[in-house]
Amino acid sequence: MSLRTDLDSYEIIWPDDVSVDQFGRFLDASPDGFERTRRDGHFTGSAWLVSADGERVLLTHHRKLGRWLQLGGRKNPDCRGCAWSQVSSTWTATVSRREARSRNTGTTTFAM
């Protein structure tokens with residue numbers, strides 16, 4: 001699967017979510033859409049860490065945005081010369097797991 005395929009599948013399930021079209025246009029038009037240097041944004045992977053009882057989530061404060069967000073980060077896909085829209089959707093899962101584990105959360109066990 002690719003991120004483009006994932007977006008298309010999501011749009012079928014949630015047709016009223018206008019952000020899907022925005023993400024899709026950004027993905028299709030941005031050969032460097034994963035690069036942090038983009039001033040208008042970039043794709044990242046993220047993870048929601050939710051307590052077993054579902055009552056609490058772990059958030060981190062993003063200094064540049066001044067907001068509390070789920071854990072996340074970026075990693076350039078291992079994809080030389082391919083279209084960014086064809087980057088495997090497993091890339092986001094890999095980045096998400098890495099981010100959840102790399103933050104000093106005090107948590108070592110995850111249910112995924």
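The values are calculated or read from the model by the stated rules, or taken from the named source; none is laboratory data. Here the structure is a predicted model, which means the values were calculated and not measured. Here the Cβ is made from the backbone with ideal geometry for all residues, glycine too, and neighbour counts use every protein chain on show.
Annotation note: Cβ proximity below 6 Å between a residue of region 49-62 that is free of Cβ contacts under 8 Å to residues at least 40 places away in the same chain and a residue that is part of a strand (DSSP E or B) and exposed (fewer than 12 other Cβ atoms within 10 Å of the Cβ) (sequence gap 6+ or interchain) occurs for Leu59/Trp68; His61/Trp68. Counting only strands (runs of 3 or more DSSP E) that sit wholly inside region 19-86, those with at least 1 residues that are under 15 Å from the mean Cα position of the chain (by Cα), closer than 17 Å to Arg101 by Cα and modelled with pLDDT of 85 or more are 57-62, 67-73. The set of residues in region 6-20 that are closer than 15 Å to Phe43 by Cβ and surrounded by 13 or more Cβ atoms within 10 Å (Cβ to Cβ) comprises Asp6, Leu7, Tyr10, Val20. Checking Ser9 against (1) assigned to a loop (DSSP other than H, G, I, E, B); (2) under 24 Å from Ala100 (Cβ atoms); (3) modelled with pLDDT of 75 or more; (4) among the polar types (S, T, N, Q), only one condition comes out false. Which one? The one condition Ser9 does not meet is (1).
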